[in-house]
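What follows is a short report on a single structure.
The values are calculated or read from the model by the stated rules, or taken from the named source; none is laboratory data. On a predicted model such as this, the values are computed, not experimentally measured, just so you know. Methodologically, a virtual Cβ is constructed for each residue, glycine included, from the backbone with ideal geometry; neighbour enumeration extends over all protein chains shown.
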Amino acid sequence: MKVYVINVPSHTDRLEGFQAAYPAGLPEPIVYAAKTGEEVEVPAWWKGTANAWALVQNLKAILSQGHSEPVMICEDDCAFYSDFANALADFTANVPNDWDILFPGGRHEDLLYAYPVKVNDHVLKCRYTPGNFCIIVNPASIQKILSILDSERWPCRHVHDDLLALAQWSGQIKAYAPLRFIAGQRGGIPSTLKDWTFRQTTFFNEFKYFDPENQVFLPAGALYDAEAEEEEEEA
């Protein structure tokens, strides 16, 4: 597996924070020098910001490098569960073979009751999961994903995670996540897209999922709270 971290070269503090948080037992991350809105040509039909358009182009550029092995792509504000490498191995060992994208970290949302669905004791099938701060892409699916990222040519402002979430919802791609996310977003770092900063490191494990075997909805956060566990370890 190759690992990339997306970082604007002038944002050295964000990269240093990522490197300090990066888990042991993973390949050395390749730093991708991200372009900003000032460095990309924005089409007339795009209704979002230039920086949002640049985010889509950065992801496309990484995926277009001819990969023959899975590619993990992280944003530079990504946080990791303390035992991330082992948790990732447990998760990927139980993922169905038809996967296009994996979400070690993401943010489940409900679009027309499209809740994630339990596959087994390690894996959820994503139904509408944006949040691309830590994703893994199947090399066999790269062309499909590039086509999705390049599919719109009318007035809109769907960034990459919007497009990939809509593709999950429509059935174009198959995406999976662990029952509890093992990557999140570090606190104290301004978002690159919106004017907010998470006060503390956040793992988005509060969204419920559907267990088809028992025909019930379960709250993921009730099963596992990565930040609380890290606080206990530090105490």
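Observations, loosely collected:
- Per the listing 52, 89, the residue uniquely modelled with pLDDT of 95 or more and either in a helix (DSSP H, G or I) or surrounded by 20 or more Cβ atoms within 10 Å (Cβ to Cβ) (or both) is 89.
- Count of residues meeting criterion [within 15 Å of residue 48 (Cβ to Cβ) and either buried (at least 18 other Cβ atoms within 10 Å of the Cβ) or hydroxyl-bearing (Ser, Thr, Tyr) (or both)] in region 143-159: 3
- Filtered residue count, region 25-53, keeping only those that are under 20 Å from the mean Cα position of the chain (by Cα) and of a type in the set (A, V, I, L, M): 6
- The combined condition, being touching a residue at least 40 places away in the same chain (Cβ under 8 Å), of a type in the set (Val, Ile, Thr) and farther than 28 Å from residue 47 by Cβ, is fulfilled by residue 136.
- Checking region 60-76 against the condition returns a match, with at least one residue being more than 19 Å from residue 186 (Cβ to Cβ), without any contact (Cβ under 8 Å) to a residue 40 or more places away in the chain and not in a loop (DSSP other than H, G, I, E, B).
- Condition check for residue 98: in contact (Cβ under 8 Å) with a residue 24 or more places away in the chain, under 30 Å from residue 121 (Cβ atoms), outside any loop (DSSP other than H, G, I, E, B) and not hydrophobic (A, V, I, L, M, F, W, C): no
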